[in-house]
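The values are calculated or read from the model by the stated rules, or taken from the named source; none is laboratory data. Not measured: the values here are computed from a predicted model. All Cβ positions, glycine included, derive from the backbone under ideal geometry; neighbour counts span all protein chains shown.
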Amino acid sequence: MRWPCVLAVLGACNGTDVPPVAGGVSLVLDIPNGPLDPKGFASVEVVLHEPTGDVARSANLRPDGTFDLGAIDPSNSVAVEATLRSESGAAVGYGRTAIAAAFAGGAEVVVPVRRPIAYIAGTVSRDADGDGGTPGLHWTEAPATFSDLSVGAKLDGKAQIGSQAVMVIAAGPNLYLITQGTTDPDGALAGPAKIVPISAADHQPLAALGGSMTGAVLDGVGSDDGSTLVIGTTSQLFMVDTATGAVRSLATGSFARVALMTSETGDLDAVAIKNRGSTTGTCQTSAELWWAPLSGPGEAKKLAAGGFSDIAADRGHTYYVDACTGELGESAAMGTTAIHTITGGKPTALAVSNGKAYIGLETPPATTSLVVASLTSDEPRTLWSESAQQVLNATSFAGVQRQLDATSAVFAHLEVGAGGDYVALTTSAHFHGAAVAAASFPDMTIDTEELRVFDASTGGIVQRYRSWCDGVVLLGGKDIQDWVCASTAGQTEAADPALEHHIGSMTFTFGKK
């Protein structure tokens, strides 16, 4: 299904003629025509990114699916974002053009639009020998799960895609699963990593691409036109042509963070962090920022070394944060330029959308915060901050609980969705509680992982899902034996332990990381 909108370039717009009348432009919002089509929309909001600045327009949808945005000046280079909104103003559909297009008489500009959906994927570890320790762990892939923000359903792990996946990658309107084997008892990914396209119309897996990759997959990103994936593994940085399935190595080494920059002409450059160290403990400055041109004959090269912890790309620019110096900066083929010094914590996660940087901060021992900062001179504003805690219930004794404070909490992923309406992040936390003999509490070690989705303007939590809560309990003779992880207010969890999994990746349809 395609909804036409006529934009008058030089005069009044009648909004009904397709193809457009002379001097008009047809703006077409293209959806997959399936069960996952956006629904419940009452208006459309369009932002035109022009060389001289942004033009924002909105209009109510007519019964025939057309809309009138009024007169818009002609331009040879306009990037378009479109958001479908419900009567309450919530984003129920979003899309953008891959490259800038010409707004001139008779032109047709097609914008693919998809529901705002956040996806997570990863692996599962189970205690195969039943003794509560780690030597008997058995690891497997798990089906990806998702949160459809347009319908408001709370996550419980039942919404699944495919049979197994260790990573989900969004490439504009398209979606891909990465499958790879696991090893026991450490859970390392091993063997060839394969790519499976997923239908945007109904979430059904399609035929796997022909190529494969070596090394454990660590991070991945896709181009807005869906033509290219860039994937970092423990051994190489890869480029994947989604049309042919061809896989090309760009550089060797362990690449844990990747981003893609698209120029106005459609040329692609990959930016990646090699040798990214742990964000806990003493700051490590051995990380390397790499630049790899994808559209020309140039070769990948190292730009700088330091405490680089994350990178992001938006509208022809790439950005980074340095966890050691607190620096938020911009990277280009010739080097790096500082923008801000971020205070209040160690910046370890970054996403950028429309001139705003969303930064994840870690503060010892276990506080994580999300701040948003303009890429100009505005002071960062805190959207969310929390010191990680976990309550455990004694199943055999009603009302008996134990609250643990985390010894560490770190960011894993951060991404912006629906053009800036939502920002999502994942965290992991580690807890240890020594035995309390007087209360019959055993020594226990617990690990948790969570997905949070926020309203980017208010910081309100839209979704909070705990995907994993498990650990080791060392029992003494008189200790309370059976414990389960409790849920906090507003938090959901897997409906069944079999649906729990570790989060290896998180992405939005049309996300920005």
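Go through the stretch 387-397 and give me each residue that's crowded, with 16+ Cβ neighbours inside 10 Å and within 19 Å of Ile461 (Cα to Cα). Give the steps one after another, and end with the answer.
Initially, the stretch 387-397 is screened for residues crowded, with 16+ Cβ neighbours inside 10 Å, giving 388, 390, 392-394.
Within the stretch 387-397, Ala388, Gln390 qualify.
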- [ ] Please determine, by comparing only the residues of the stretch 172-188 that are modelled with pLDDT of 95 or more and of a type in the set (A, V, I, L, M, F, W, C), which one is farthest from Ala91 (Cα to Cα).
- [x] Ile178
Task: Subset of the stretch 493-510 [within 16 Å of His413 (Cβ to Cβ), of a type in the set (Gly, Ala, Ser) and not in a loop (DSSP other than H, G, I, E, B)] - done: Ser505
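If we only count strands (runs of 3 or more DSSP E) wholly inside the stretch 256-374, which ones have 3 or more residues that are of a type outside the set (Phe, Trp, Tyr), more than 26 Å from Ala100 (Cβ to Cβ) and over 22 Å from the mean Cα position of the chain (by Cα)? Break it down into steps so the answer makes sense when it comes.
On the way: elements: 268-274, 287-293, 301-306, 308-314, 317-322, 327-332, 335-341, 346-353, 356-363, 367-374.
Result: 301-306, 335-341.
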Task: Boolean, Met239 is modelled with pLDDT of 95 or more, under 18 Å from Gly504 (Cβ atoms) and not assigned by TED's automatic domain parsing to the domain that holds His430 - done: no
TODO: Give, as residue ranges, the strands (runs of 3 or more DSSP E) completely inside the stretch 134-247 that count at least 1 residues that are closer than 26 Å to Ala494 by Cα.
DONE: 137-148, 160-165, 167-171, 174-182, 189-198, 217-222
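If you check Asp421 against the conditions, is it out of contact with any Ser or Thr (no Cβ under 9 Å at 6 or more places or on another chain) and under 30 Å from Arg114 (Cβ atoms)?
no
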